[in-house]
Amino acid sequence: MSKVIKKAKDTRADENQEILINELLEVYKHIGYTVRIEKGLFKGGFCLLREQKVFLLNKNIEPQKKIVFLAKNLAEIGVEGIFLKPVIRELIEKEGQQKLL
């Protein structure tokens, strides 16, 4: 009888992804969006709720997809006049360029 060997998760990569997600969420908060992370049948996106800017994000999406989704939407909004860490700015610009292709 053969045994199934599961590959151990790389916790360092998971931690780095969570750090990136949190930094991207901080950018949304800095530009005036309330961020809500909820379950549902959606990826997420912008909406106005009683004149309040809200960004919704599905909590069940894989971390790497969350990062890409958050960065693409920030590229759409535009973050030109905001100080960002170079890694975050590069990620946003890269995802903005992907949308143009």
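The values are calculated or read from the model by the stated rules, or taken from the named source; none is laboratory data. The structure displayed is predicted, hence computed values, not measured ones. All Cβ positions, even for glycine, are placed from backbone atoms using ideal geometry, and neighbour counts span all protein chains on display.
How about region 41-70: which of its residues are surrounded by 11 or more Cβ atoms within 10 Å (Cβ to Cβ) and over 20 Å from GLN17 (Cβ atoms)? Answer for region 41-70, where residues must be surrounded by 11 or more Cβ atoms within 10 Å (Cβ to Cβ) and over 20 Å from GLN17 (Cβ atoms): PHE42, GLY45, PHE46, CYS47, LYS53, VAL54. Looking across region 71-101, the residues that are in a helix (DSSP H, G or I), under 23 Å from ASN16 (Cα atoms) and among the β-branched types (Val, Ile, Thr) come down to VAL87, ILE88, ILE92. In the set (1) within 16 Å of PRO86 (Cα to Cα); (2) at pLDDT below 90, the condition left unmet by LEU20 is number (2).
Looking across region 29-46, the residues that are within 12 Å of LEU57 (Cβ to Cβ) and not basic (Lys, Arg) come down to TYR33, THR34, VAL35, ILE37, GLU38, GLY40, PHE42, GLY44, GLY45, PHE46. Counting only residues that are modelled with pLDDT of 85 or more and among the hydrophobic types (A, V, I, L, M, F, W, C), region 40-56 holds 3 of them.
Scanning for something under 13 Å from the mean Cα position of the chain (by Cα), farther than 19 Å from GLY96 by Cβ, of a type outside the set (A, V, I, L, M, F, W, C) and outside any strand (DSSP E or B), does region 29-37 turn up at least one residue? Yes, there is a match, as at least one residue in region 29-37 is under 13 Å from the mean Cα position of the chain (by Cα), farther than 19 Å from GLY96 by Cβ, of a type outside the set (A, V, I, L, M, F, W, C) and outside any strand (DSSP E or B).
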